1. With θ taken as phi - 60° and the coefficients 6.51, -1.76 and 1.60, list the Karplus ³J(HN,Hα) couplings across region 823-832 in order, rounded to whole Hz; mark glycine and proline as x.
2. For ASP458, which sequence-distant residues (separation of 5 or more, or a different chain) have an amide H within less than 5 Å of its own amide H, given hydrogens modelled in the peptide plane?
3. How compact and how long is region 108-185, expressed as Rg and Dmax of its alpha-carbon atoms in Å?
4. Taking the highest mean first, how do the peptides 592-598, 23-29 order by number of other beta carbon atoms within 10 angstrom per residue?
5. Output the peptides 446-454, 644-652, 795-803 sorted from most to least packed, where packing is the average of other Cβ atoms within 10 Å over each peptide's residues.
6. Over the Cα atoms of the chain, how large are the radius of gyration and the largest Cα-Cα distance (Dmax), in Å?
7. Using the crude model of +1 on Lys and Arg Cβ and -1 on Asp and Glu Cβ, and no other charge, please compute the dipole size for region 769-843 relative to its Cα centre, in debye to 20.
8. Relative to the present Cα-Cα distance, how much length would full extension add between ALA866 and ARG442 at 0.36 nm per residue of separation?
Amino acid sequence: MTTANLTRAEARSRTAALTVDTYDVTLDVTGAEEPGNAWFDTTTTITFTSSAPTTFLDFLDGQVQRVVVNGADLPSAAYDGARVALGELSTEAINTVTVVGRGRYSTSGQGLHRFTDPADGNTYLYTQYEPSDSRRVYAQFDQPDLKAHHTFHIAAPEGWLVWSNQPEVATGPGPVEGTSWHHFAPTPPLSTYLSAVMAGPYHRVSDQWTSEDGSLTVDLGLACRPDRAKHLDAEVLFDLTKRGLEFFNREFGYPYPWGKYDQIFVPEYNLGAMENPGCVTFTEQYLFREAATRSQYAGRCNTLLHEMSHMWFGDLVTPRWWDDLWLKESFAEFMGTHASIAIDAFAEAWVGFAGRRKAWAYSQDQLPTTHPIVADIPDVEAARQNFDGITYAKGASVLKQLVHYVGLQPFFAGARSYFAAHAYGSTSLADLLVELERSSGRDLGPWTKAWLETAGPDELAARVTTADDGTMAELRIEQTSLDAISGQRVHRPHVIAVGLYDLVESEGGGEPRLVRRGAPIEVELAGEGAVVEAASGQLLPALVLVNDGDWTYAKVRLDERSARAAVDHVGHVDDPLARALLWSQLWSMTRDGDLLVRDYLRAVTTHAAAEDDAATLGSLLSQAQSAIESFEHPDRVPTARREWVSAVRSLLGSDAISDDQRLLLARAFAVAAATVADPEVVDDVRDLLKVPQVVVPALEVGQDLRWSLVSALVATGSETTGVAEEELVRDNSMDGRTRLRQVLASSPEADPRALVDGLLTPGALSNDHVDAVIAGLRTPLREEATDGAVGDLFARATAIWADHSIEIAQRLVRGLFPTARPAETADRGRAWLAGEGAEAPAALRRIVLEQVDFCERRARVQSANA
Ligand SMILES: [Zn+2]
């Protein structure tokens, strides 16, 4: 129904008319443990003033039993499944409205998610609302700028723990025998999407943090399912939490505003984490079931600090509307990385940012659907689609440039006055810029225009002209700056560094190393490119690294000579950031067809053992597999897969690698082994599954790795699905059940049509199980069979969109998109976009546009690899 898609214009007119004071929300989840109970009772009483006699509340996909406006019942026909129409409002006095209704338990991760643990039969609930799913749980004005005090009362089965944004202040006997009431303190003014409730027989540990100056004490809690509790490293997490709170509390100059700080790890979570004030939710995948790499710990720390910075930026001060979603996300992404270093947790944090997060931004920024960082978000459906690489990674990257430009101290000074000026309020970008301009004394207008209001990455490349004596006559940085939306040239200023690298023989006869000649040379680019004056007359270097230090946001293309040097020697560069940049440039050239897949693979297999940054190594191992599956010419794919799996296997056996490298290589081996039905590989996989395993000394084969190995045996038809059923006996947990689904779906014994039918049955599978079945169906050796089972996706797309919640529908359309013949699929996709799909919802069209673009890229790059 169209009224479900709240528009910005409607939100603005409510803002103009309303001031919301309080929500009193009562939820009765006492029946949650009965799988047959689809509904929970929800009653909301709202007090607000209004200058208009009518307005509407948002309440999605529920049932409304009574609506009472200022003491009088309204007819229930005023509810259309998304909105409750309100009339008879007073325009003079405070209005009190009560909505009595029922809400639906969710299995899609949107709204009030219900999960029943196969390990112990227990039920766990949590809410996830951003951007617009709190209206699935209680009637409300669901827009970020209508903040109000929220008071929650939750009835739950006896013995359950219940959390919300504020501390629990009272408990008592519940509405029926064996249940309890939990009453919570009223919140400070809060946006509806930030309200939260968790309930269930969770496991909880507590601690406390007191600021170094003694002025503030905050109760801390950590919680997870009991089945996950053995992996809850509470000491480490509390330590990071305390150091983080100390840092932000001091640097932001505003005392932590939400009273207590709980962090709850939940199952089947759609995202990494969510910044519910005082009650942050994380995916329980962050409680590692087995050996994890340093980059996994670094990533978790980054997320923990990201959410914590939101307690101020996002929660205390909130973007008025979703156009400025980027502002809170970029800020948090910057802070997550900056604080990881500032609290002495992970000194290498910007390396992972350069290699991983920026790769995400660059690839998104080259899609036809790219958009300026400051996006036009006309409605909440568009908002949901903007949790993307531009909003997070490009935004943070540009913010990093801004911090470099205005200076770290003025930046924090600006943030401090921003929090002080707008605490518990809502803002737009202009409000932050005013504070930053004041603290830095700079006019940020031109910067904003160039970086926030245009789309697409600049392309930078070095052009070297040699003189007769072999020195450099000129080193020129060429710059192409186009706005991806208008196609017009734009002026994006950069301050970059250029590194000149020489090949230096190692003492003692080892591999030659690429060594930077002195300090990087700083160059300002003003839209036209520039000559690097300091380089003229110098000896020709082996490699020129443009954007050394990663100060700017731009796609860099290595010149031919530098690309050769990088392929041959990238493992022998000392600076891990320079290596990450070189790897990312080689990958970008591979995706463009400017570097052959086989050359990229040669670089990876030659230098993987020398890459000791786990984030970088993890990226390049998975990119190598993607290079084969997506970009290698189809005729060469079987050979490339065989060569790759054997190269990874032999690296895995090396003595000279670290534990992290061994683990990453073992994971890459399991993935690669699923693409090759070769007896030697199969034997290797079987050996690794033996207990005890002796073929790779020092490798601990944990349960998740075991599942990947089992998956390889089943996907290649080397074992029946019986081996997976046996594995479930070993791992009869929530994760085990999910992995089993994935393995069964990948088997040649499985009927892909039945699996696709199961996926397309609304509500049949939870979010995690949808992902698992898609992952199984999308195993490389099932490509043709799965495409065949899906049939004409374009004919089905609109129905899929209508039948499923948006979270599930997105996964289905992406996951079932044909993969086998990209050129043909691109043609059909374009025809759909122009014809039948012309009037399809914008969010669906966006996915098809992006997938068609990827198909075109694949077709182009595959021919370049012929
Ligand atoms: Zn965030």
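The values are calculated or read from the model by the stated rules, or taken from the named source; none is laboratory data. A quick note: this is a predicted structure, and the numbers were derived from the prediction, not measured. Don't worry about glycine lacking a Cβ; one is built from the backbone with ideal geometry, like all the others, and counts go over all protein chains shown. Note: accessible area is taken over every heavy atom of the protein model, side chains too, but ligands, DNA and RNA are not part of it. Shrake-Rupley method; radii C 1.70, N 1.55, O 1.52, S 1.80 Å.
1. 5, 5, 5, 4, 4, 5, x, 5, 4, 5
2. The answer is LYS555.
3. Answer for region 108-185, Rg first and Dmax second: 14.2, 42 Å.
4. In descending order of packing, they fall as 23-29, 592-598.
5. 644-652, 446-454, 795-803
6. 27.8, 94
7. So the magnitude is around 140 debye.
8. Result for the pair: 147.4 nm of gain on full extension.
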